[in-house]
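Engineer: Structure in structure tokens, see below.
The values are calculated or read from the model by the stated rules, or taken from the named source; none is laboratory data. Everything numeric in this text was worked out from a predicted model, so none of it was measured. Reconstructed Cβ throughout: ideal geometry from the backbone, glycine too, with neighbour counts over all protein chains shown. Areas reflect the complete protein model, heavy atoms only, side chains present, ligands, DNA and RNA absent. Shrake-Rupley method; radii C 1.70, N 1.55, O 1.52, S 1.80 Å.
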Amino acid sequence: MSDTAILPPRDMLKPADELANASTTRWQGESADYRQARTALLSEEIALRRQIQRVAEQRRALPPGPLAKDYRFLDEQGSEIGLAELFGAHDTLFTYLWMYGPERARPCPMCTSFVGSLDIPAPDIEQRLALAIIGRSPVARQLAFARERGWSNLKFYQAIDDDFVRDTHWVVDGNEGAGVLVWTRKGPEVRLFWAAEGNTETADPGFDPHLAPDPTPLWNLLDWTPEGRGKAWYPKLDYSN
């Protein structure tokens, strides 16, 4: 099915609990209590799937975003290029701003987990759009860490434009954060299409601030487990100790 399929209006869809109750999946040895709870959960999962689809439709329907400046970057060869050049042959560009500024001895573990999740599917992603990982450290430094992790498919760039750092809220009051931004190009114009928004002011009680929606496969997978994400656990760069 196309990823841009339009979900029918709510009144044309069967209720989620009706679909859940129609499921014939059963597991050997399951109890009646387990099946009842699992079916109730399946109903919520179907509703969530539909909500994700509706949110994606709403995102695609955003009006034109702000016109982007001709932000400047350095590529692997040390050549200075503009934002429009990051698109290559595509009209859509996904950028991830990771926390690996020159003041850091090592990159952010959470950023590393997310960037790593993009490396293997990068050739698939780049069938549809351009993908750029942007850091404030020199590209050679970023690439050295990428090779250490075994990444081979991603393109890295260094941000050298103070306006870009400021306009994307990458560094606020001296504190470096991360960013997910999607850009579109039409002719000579580049516009911001969508950026993940989320910080302390949008965090729910008891949760660390994170982007909305959360794009990290690590957290999504842990949400499927009985232990969940944990209250004090965070990924590391090295688990040998």
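Engineer: From the list LEU237, LEU181, LEU221, pick out the single residue that is closer than 22 Å to SER117 by Cβ and touching a helix residue (DSSP H, G or I) at 6+ places or on another chain (Cβ under 7 Å). Please lay out each step first, then the result.
Structural biologist: Working: LEU181 fails: touching a helix residue (DSSP H, G or I) at 6+ places or on another chain (Cβ under 7 Å); LEU221 fails: touching a helix residue (DSSP H, G or I) at 6+ places or on another chain (Cβ under 7 Å).
On inspection, the qualifying residue turns out to be LEU237.
Engineer: Continuing with this model, one more query. Does ARG149 qualify as being open to solvent by less than 70 Å² (accessible area, probe 1.4 Å), over 25 Å from LEU83 (Cβ atoms) and charged (D, E, K, R)?
Structural biologist: Details: open to solvent by less than 70 Å² (accessible area, probe 1.4 Å): no; over 25 Å from LEU83 (Cβ atoms): yes; charged (D, E, K, R): yes.
So ARG149 fails the test.
Engineer: Can you name the residue in the stretch 118-128 that is open to solvent by 40 Å² or more (accessible area, probe 1.4 Å), in a helix (DSSP H, G or I) and not hydrophobic (A, V, I, L, M, F, W, C) and, of all such residues, is farthest from LEU143 (Cα to Cα)?
Structural biologist: That would be ASP124.
Engineer: Next up: Name, by its number, the condition in (1) in contact (Cβ under 8 Å) with a residue 24 or more places away in the chain; (2) more than 15 Å from TRP183 (Cα to Cα) that does not hold for GLN58.
Structural biologist: Result: GLN58 passes all but (1).
Engineer: What residue, among those in the stretch 29-40 that are in a helix (DSSP H, G or I) and touching a helix residue (DSSP H, G or I) at 6+ places or on another chain (Cβ under 8 Å), is surrounded by the most Cβ atoms within 10 Å (Cβ to Cβ)? Don't jump to the end; show me each part of the working.
Structural biologist: If we filter the stretch 29-40 for residues that are in a helix (DSSP H, G or I), which is where we start, we get 32-40.
When the remaining residues are screened for being touching a helix residue (DSSP H, G or I) at 6+ places or on another chain (Cβ under 8 Å), the result is 39-40.
Values: THR39: 15, ALA40: 13.
By that ranking, first place goes to THR39.
Engineer: Looking only at the stretch 166-224, count how many residues are open to solvent by less than 30 Å² (accessible area, probe 1.4 Å), of a type in the set (Val, Ile, Thr) and in contact with a Lys or Arg (Cβ under 8 Å, 6 or more places away or on another chain).
Structural biologist: Within the stretch 166-224, the first condition is being open to solvent by less than 30 Å² (accessible area, probe 1.4 Å), and the residues that meet it are 168, 170, 176-177, 179-183, 190, 195-196, 198, 216, 219.
Checking the rest, the ones that are also of a type in the set (Val, Ile, Thr) come to 168, 180, 182, 190, 216.
Going one step further and asking which of them are in contact with a Lys or Arg (Cβ under 8 Å, 6 or more places away or on another chain), we end up with none.
Number of matching residues: 0.
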